[in-house]
Amino acid sequence: MKKILDGAGQHFFLVCGTLLGQQRENDFIKYDTDIDIGILASDNNKNIITLITQSGLFNLVNVFGKESDSLELQFRHKDGITIDIFLYYKIEDSYYYSASFCGLCDFKPEKYCKWGNHIRGFSIVEFKNDLYNIPSNTDEFLTEWYGNWRIPKQFTYYQGLNGEFKNLIN
């Protein structure tokens, strides 16, 4: 995915459990079931789905939401790994939200959950023998998501919806 997005000039960054694993363990979290990346909505390449699927390496599994306010894309690599791409929408200054779906999110007035995070620029880190962008305010970003993120705690997405995630704004 990195080669495809870099080749297309698409800026992206590590988020959610992938960023958590990179920061806390310098590895993927063993019980995490996917890889999570973010793209600022203002930087999104409108042909992203085509670019990724034409590679022959990924199948599009789900398109949730709309590009205008809530897009989440889910791809599966031919080896079975799922990669979720979340667009981050600017609310004000350095505050953004991303959207997720299913579970209690389906019952929100917007029909999706909004997750708020500050993004105060980007830094580059080495991870898995390559260079990746991460929010430069990584500690703040992860604290907004998880509270005390330095202490490992295993939970599913649905358990996260029920209180483990700390940054629900709708």
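All of the numbers you see were taken from the coordinates with simple rules; none came from a lab. Everything numeric here is computed off the predicted structure, so don't read it as measured data. Counting neighbours? That spans all protein chains shown, and the Cβs are built from the backbone with ideal geometry, glycine included.
Taking K and R as +1 and D and E as -1, what net charge do the other residues with C-beta under 11 Å from the C-beta of Leu57 add up to?
Its environment carries a net charge of +2.
How would you rank 114-122, 61-69, highest first, on the average number of other Cβ atoms within 10 Å across their residues?
114-122, 61-69
Could you tell me which of rounded, prolate or oblate describes region 2-164, using a ≥ b ≥ c as the square roots of the eigenvalues of the alpha-carbon gyration tensor, with rounded for a/c under 1.5 and, failing that, prolate when a/b is larger than b/c and oblate otherwise?
It is rounded, given that a/c, with a ≥ b ≥ c, falls under 1.5.
GNM on the chain, C-alpha springs below 10 Å: top fluctuator among Pro109, Pro152, Pro135?
Pro109
For the chain, give me every cysteine whose Cβ has no other Cys Cβ within less than 4.7 Å, ordered by residue number.
Those would be Cys16, Cys102, since no other cysteine Cβ in the chain comes under 4.7 Å of theirs.
Can you list the residues, at least 5 places off or on another chain, whose amide H is less than 5 Å from the amide H of Ile91, using H built in the peptide plane?
Distant-sequence amide H within range of Ile91: Tyr96, Tyr97.
Figure the gain on full extension for Tyr158 and Asn62 (residue separation times 0.36 nm, minus the Cα-Cα span) and round it to one decimal in nm.
Stretched out fully, the Tyr158 to Asn62 stretch lengthens by 32.8 nm.
Compute a Gaussian network model of the chain, connecting alpha carbons closer than 10 Å, and tell me which residue from Tyr146, Tyr158, Tyr97 fluctuates the most.
Result: Tyr158 has the largest fluctuation of those listed.
Let me confirm the definition first: pairs of Lys residues in the chain, 8 or more apart or on different chains, C-alpha distance under 21 Å. How many are there?
The number of close lysine pairs in the chain is 25.
Could you tell me how far the Cα centroid of region 13-51 sits from the Cα centroid of region 116-151, in Å?
10 Å
What does the charge count around Gly17 come to, taking other residues whose C-beta lies under 9 Å from its C-beta (Lys +1, Arg +1, Asp -1, Glu -1)?
Working: positive: none; negative: Asp32, Asp34, Asp36.
Here the count lands on -3.
How high is the relative contact order of region 1-105, given as a whole-number percent (alpha carbon pairs under 8 Å, six or more residues apart)?
Relative contact order of region 1-105: 23 percent.
In whole Hz and in residue order, list the ³J(HN,Hα) couplings for region 22-30 that follow from phi through the Karplus curve 6.51 cos²θ - 1.76 cosθ + 1.60, θ = phi - 60°; x for Gly and Pro.
Whole-Hz 3J(HN,Hα) from phi for region 22-30: 4, 6, 7, 10, 6, 6, 6, 6, 4.
Add +1 for every Lys or Arg and -1 for every Asp or Glu among the other residues with Cβ under 14 Å from the Cβ of Asp139, and state the total.
Overall, the nearby charge balance is +2.
Do the sum for the chain: with -39,500 (n - 2.57) for every DSSP H run of n ≥ 4, divided by all residues, what is the mean residue ellipticity at 222 nm, to the nearest 500 deg cm²/dmol?
It comes out at -5000 deg cm²/dmol, rounded to the nearest 500.
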